[in-house]
Amino acid sequence: MSRVLLLFGGKSSEHEVSCSSAVSVHDALSGSGHRVIPVGIDRQGQWFLADTSFRPFRAEGRSVSLTVPEGVLDVGGETVEFDVIFPVLHGPMGEDGTVQGLFEVCDLPYVGCGVLASALCMDKDVTKQIAAAAGVATSPWRAIRRPEWDVDPVGVALTVVHGLRFPLFVKPSAQGSSVGISKVEDVDSMASAISLAFRYDTKVIVEEGVIGREIEVAVLDGPRASLPGEILTGSDWYTYEAKYEDGGGECAAPADLTDEETKIVRALAETVFDLFGLSGLARIDFLYDTAARKFLFSEANTMPGFTSISGFPKMWVASGVTYEELCSQLVDAAFSRHAQRWKLSTR
C-alpha cells in the first residue's frame, strides 16, 4: 500500500469544507491499508502536521515544509517519506492549478487534474466560453472585470443585464461552494450583488437563471461517468448554508431521470471531461431546463466536496463503487498519470 500525503485546508473561502472532506478521505484510505500523512494548510498558507483526533481536521500542529524542487517533506527537522499526494483542497490556491504546479515542479504524483485543466475549470467564465465554442449548450451570461466596475459601477450594472432575463445569478468567476453568489430579481439589486461577488474575485459573471433541476455527474478517467445525481433543496437555490450548515439540501443519487435522459447527461459529462482535458476526477454540473427539456452545462469541479455524504462519492456508491474503493482508485490513477508523464521526452 501507499504512503499518501493528504493535503487539506488552504487559503480559500472553502477552508472549512476541505477540513471536513479530509476526514472522510483519511479514514477511507487508512481503512484500505494506506499510510496517510495529514497535512493542513492554514489561511495564511502555513503547513502543519495535523492531529487526526480533531473532527473535522484542523490546520495546526507541528510545522511542515516541502522543499522545491526536491519535493522532500520536512516535519520538525525530520524527513517524512511519502509516495503520492491527495490534495483535498477546494477553491483558489488549491483547485486552480497553483499547488498542481508545485507538484509538477517537484515531479510528484498527485490525485486529480493537471495544471491547465485545473486552472480552466476554476474560472466559470472561461469554462462557459470553451463549452459554448465547442457546441455544448450553456445558459447565457456576461462577465465583468474589476477595473471597468471601479470606473462606472452604475453603468456596468445597467449594461450587464441587457439581453438577459431575470432572475439572474451573480457569481465570483473563480469560487466554489456558492461563496459570494446572489440571486437577483431586478436591476435595483444588481449593484450590491456585484459588489459582494467582487469581495471574492477580480472577475464576476452574471448568469441567466434557469427554471429547472440541478443535475450532477461524477466522472473518472476513461472517461467513465457515474449515474447522475440531483440537488434537492428546500431553499430558493443551493446556497452555502444549504450545502453545509442548515441541512437544507442534499444530492439524491441516482437522479429521477428517464433512461434516455440518464444516457444523454452521462454522455455530456464525458464530453466535457474530454473537452477540458480533465484527469483523475471531476464533478460535472448541469441545469436541466424543464421547459426546453434540455441539459445546460453549468460548471466542472476538479476537486468536489469529498465527505462520505457529498455528491461525488454518493453518485459512485449508487453506481456500485464504495467510498473506500473510490479513494484507492484515485491514488492508483495518480501513479498511472505520473508514469505516463515520466515517459515524455524533455528534448
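The values are calculated or read from the model by the stated rules, or taken from the named source; none is laboratory data. Since the model is a prediction, treat every value here as computed from it, not as a measurement. For neighbour counting, all protein chains shown are included, and Cβ atoms are generated from backbone atoms with ideal geometry for every residue, glycine included.
Scan SER18, SER12 and give me the residue that is buried (at least 17 other Cβ atoms within 10 Å of the Cβ), part of a helix (DSSP H, G or I) and hydroxyl-bearing (Ser, Thr, Tyr).
From the options SER18, SER12, the qualifying one is SER18.
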Check your understanding: Considering region 152-181 alone, what residues qualify as being within 20 Å of SER298 (Cα to Cα), modelled with pLDDT of 90 or more and buried (at least 20 other Cβ atoms within 10 Å of the Cβ)?
Key -> VAL160, LEU168, PHE169, VAL170, LYS171, PRO172, SER173, ILE181
**Study point:** Tally, over region 278-293, of residues that are at positive phi and over 17 Å from the mean Cα position of the chain (by Cα)
**Key:** 1
Review point. Applying the selection to region 285-311, what residues are part of a strand (DSSP E or B), of a type outside the set (Asp, Glu) and under 13 Å from GLU230 (Cα atoms)?
Key: PHE286, LEU287, TYR288, PHE295
Exercise for review: Filter region 46-100 down to the residues that are farther than 17 Å from VAL23 by Cβ, of a type in the set (Asp, Glu) and touching a Lys or Arg at 6+ places or on another chain (Cβ under 8 Å), then identify the one that is surrounded by the fewest Cβ atoms within 10 Å (Cβ to Cβ).
Suggested key: GLU81
Point to revise | Lone unmet requirement of (1) in a loop (DSSP other than H, G, I, E, B); (2) within 16 Å of MET303 (Cβ to Cβ); (3) modelled with pLDDT of 95 or more for HIS90 | key: (3)
Study note, to complete from the structure: Picked from region 183-215 (must be hydroxyl-bearing (Ser, Thr, Tyr) and surrounded by fewer than 19 Cβ atoms within 10 Å (Cβ to Cβ)), the residue nearest to THR98 (Cα to Cα) is THR202
Study note, to complete from the structure: Among ALA197, ALA132, ALA157, the single one that is of a type in the set (A, V, I, L, M, F, W, C), within 25 Å of VAL265 (Cβ to Cβ) and outside the structural domain of PHE86 (by TED's automatic domain parsing) is ALA132
